[in-house]
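The structure appears right after this line, and notes come after that.
The values are calculated or read from the model by the stated rules, or taken from the named source; none is laboratory data. In this text the structure is predicted, and so the values were computed from the model without any measurement. For neighbour counting, all protein chains shown are included, and Cβ atoms are generated from backbone atoms with ideal geometry for every residue, glycine included.
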Amino acid sequence: MVEAAVTADNTCDTKPLRVGLDIGSTTVKAVVLDQTDSLDAVLFSDYRRHHANVRATVAGLLEAAAYILHTALRE
């Protein structure tokens with residue numbers, strides 16, 4: 001397992017996250033997990049109806065996930 005990631009400026013950062021997307025005929029689902037390989041380690045999950053606008057819905061879900069994770073890091 002990866003213990004740390006080296007960023008572009010050669011500094012150590014936290015473990016990478018895993019992002020899963022399920023794009024179906026009517027909804028998009030997203031989940032963000034840490035590296036523990038456990039479903040108990042869900043950091044973010046949500047689903048939204050895409051109303052045939054898949055790209056905008058995926059972008060919105062990823063923005064929401066980034067905001068929530070960034071906010072959680074500040075706490």
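Looking across the stretch 15-41, not a single residue is within 16 Å of ALA72 (Cα to Cα), out of contact with any strand residue (DSSP E or B) (no Cβ under 6 Å at 6 or more places or on another chain) and among the hydrophobic types (A, V, I, L, M, F, W, C). The set of residues from the stretch 41-59 being among the charged types (D, E, K, R) and over 20 Å from HIS70 (Cα atoms) comprises ARG48, ARG49, ARG55.
Among residues belonging to the stretch 43-75 that are β-branched (Val, Ile, Thr) and modelled with pLDDT under 95, point out the one that is surrounded by the fewest Cβ atoms within 10 Å (Cβ to Cβ).
The initial filter retains those residues of the stretch 43-75 that are β-branched (Val, Ile, Thr), namely 54, 57-58, 68, 71.
Remaining after also requiring modelled with pLDDT under 95: 68, 71.
Details: ILE68: 14, THR71: 9.
My answer is THR71.
Among the residues of the stretch 4-14, those identified as modelled with pLDDT under 55 and in contact with a strand residue (DSSP E or B) (Cβ under 9 Å, 6 or more places away or on another chain) are ALA4, ALA5, VAL6, THR7, CYS12.
Of everything in the stretch 15-37 that is closer than 22 Å to LEU69 by Cα and assigned to a loop (DSSP other than H, G, I, E, B), the residue that is modelled with the lowest pLDDT is ASP37. Could you list, in sequence order, the residues of the stretch 28-42 that are loosely packed, with under 14 Cβ neighbours inside 10 Å and not β-branched (Val, Ile, Thr)? Passing the criteria: ASP37, SER38, LEU39, ASP40, ALA41. Give the residues of the stretch 38-58 that are assigned to a loop (DSSP other than H, G, I, E, B) and hydroxyl-bearing (Ser, Thr, Tyr), sorted by residue number. Within the stretch 38-58, just SER38 meets the criteria.
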